[in-house]
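The values are calculated or read from the model by the stated rules, or taken from the named source; none is laboratory data. A quick note: this is a predicted structure, and the numbers were derived from the prediction, not measured. Positions of Cβ are backbone-derived with ideal geometry, glycine not excepted, and every protein chain shown enters the neighbour counts. The protein model used for the area step is the full one, side chains on, heavy atoms only, and it has no ligands, DNA or RNA in it. Shrake-Rupley method; radii C 1.70, N 1.55, O 1.52, S 1.80 Å.
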Amino acid sequence: TSFGSLRVGNRFCVQPMEGCDGTADGAPDELVFRRYERFGGGGAKLIWGEAAAVTPEGRATPRQLLVAEHTLPGLARMLEGCRAAHRRECGSDDDLVVGLQLTHSGRYSHPRPLIAVHDPILDPRTFVERRTDRVVDASYPPVDDDYLKGLVDRYVEAARRAYAIGFQFVDVKQCHRYLLSELLAAKERPGPYGGSFENRTRLARDIIQAIRAEVPGLTIATRINVYDCIPYRKRAEDAEGEPCPWQTPLRCAWGTSEADPLTPDLTEPL
C-alpha cells in the first residue's frame, strides 16, 4: 500500500491508495482490516479512505475493494476497526472524519480496458490483456453512451451504501486518467459525453448532483487532474527520460495546451 499525508487546517490527513489486498470478490481482507486499524490509531483526524470500485468491471486489480451489497459487512468492519483504534489511542473519535473514494478505473480496469475515447499517446501503452503484447488500437471500441449513463445509478448506490455504514464523505474520483478523468479530455468523442466542455463534464456533474439529491447528509468531494502532462519514456543515455512523441494539435489531454502539451492551459480546470 502507498499513501500520502498532508495537513488540512488543524487536521492531519492520511490518504491511502488502494492496497490491492482485498478478496477476489472485492471485500476487505485481514490485511485491509489491519491497515485501517493502524490508520485510525495513528492520530490523523481526516482519513481519506482508499479507492473502491462502483462496478466489478471497473476495478483496477483483481483484489481492489468493491462497494456492493455483499461487501458491506466487511467495509463496515473495516470502518469500525479504524474508529475503534482511534478511540483507544486518542480517547474519542468524535472529531475523526473518514471517507471513501469511489472509482471506475476505465482505461486501467481489470481484466480489460474500458476506454472513454481513443488516445494516440496512451493507446499504444494500454494493454488489452495482461501479460500479452496486444494493445488498444483503432478497432477497440470505447464504452457507449448507455453504459456511461448507467454509471450514475452505480455511483449513487455506492454512495448510499457507504453513507449507510458510517462513512462521512465520498470522493468522486476524477484523476489519474481513470474513466471520469479521461472523459474530461474526450474532445474527440462524439455524442453527449464528448466534444464540448459541457459534454465532457456531464457525467461527473450528473453523478455529483444525483448523489447530492439521493444521499442528503453525505459530504461529496472530488479530486481532479488539473494538468494531464503527456507520458515520459526513459532514454538509454539519460535516466531522466524524454516526453513521448506527439502530434499537434493534441486533443486528448485536460488542462493542456493543444499546441504544446508540455505547457499547462488551466482555462478549463479553473
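Out of everything in segment 1-42 that is of a type in the set (Gly, Ala, Ser) and either at pLDDT below 95 or open to solvent by 60 Å² or more (accessible area, probe 1.4 Å) (or both), what residue ends up being farthest from Val172 (Cα to Cα)? Per the stated criteria, the residue is Gly42. Scanning segment 127-146 for residues that are surrounded by 13 or more Cβ atoms within 10 Å (Cβ to Cβ) and closer than 23 Å to Leu203 by Cα returns Tyr140, Pro142, Val143, Asp145. Criterion first (touching a helix residue (DSSP H, G or I) at 6+ places or on another chain (Cβ under 8 Å), at pLDDT 95 or above, surrounded by 17 or more Cβ atoms within 10 Å (Cβ to Cβ) and over 16 Å from Thr103 (Cα atoms)) does Ala162 satisfy it? So Ala162 does not fit the description; no.
Does any residue of segment 56-72 turn out to be exposed (fewer than 15 other Cβ atoms within 10 Å of the Cβ), at pLDDT 95 or above and among the hydroxyl-bearing types (Ser, Thr, Tyr)? The answer is no; no qualifying residue exists.
For Cys175, the test of being touching a Lys or Arg at 6+ places or on another chain (Cβ under 6 Å) and open to solvent by less than 60 Å² (accessible area, probe 1.4 Å) is passed. Considered as a group, the residues in segment 113-126 that are in contact with a helix residue (DSSP H, G or I) (Cβ under 7 Å, 6 or more places away or on another chain) and among the aliphatic types (A, V, I, L, M) include one that is surrounded by the most Cβ atoms within 10 Å (Cβ to Cβ), and that residue is Ala116. Hey, any hits in segment 97-111 for a residue that's modelled with pLDDT under 95 and either open to solvent by less than 10 Å² (accessible area, probe 1.4 Å) or farther than 21 Å from Ile211 by Cα (or both)? Checking segment 97-111: at least one residue is modelled with pLDDT under 95 and either open to solvent by less than 10 Å² (accessible area, probe 1.4 Å) or farther than 21 Å from Ile211 by Cα (or both). If you go through segment 247-270 and keep only what is open to solvent by 40 Å² or more (accessible area, probe 1.4 Å) and assigned to a strand (DSSP E or B), you end up with just Pro264.
From the list Thr55, Thr103, Thr71, the one residue that fits, being farther than 30 Å from Gly195 by Cα and among the polar types (S, T, N, Q), is Thr71.
Quick grid of which residues meet (1) of a type in the set (Gly, Ala, Ser); (2) part of a helix (DSSP H, G or I); (3) touching a His at 6+ places or on another chain (Cβ under 9 Å); (4) within 18 Å of Lys173 (Cβ to Cβ):
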residue	(1), (2), (3), (4)
Ala85	yes, yes, no, no
Gln101	no, no, no, yes
Arg112	no, no, no, no
Ala116	yes, no, no, yes
Ile121	no, no, no, no
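For segment 184-241, a residue qualifies if it is among the small types (Gly, Ala, Ser), open to solvent by 50 Å² or more (accessible area, probe 1.4 Å) and under 25 Å from Gln101 (Cβ atoms), and the qualifying residues are Ala213, Gly217.
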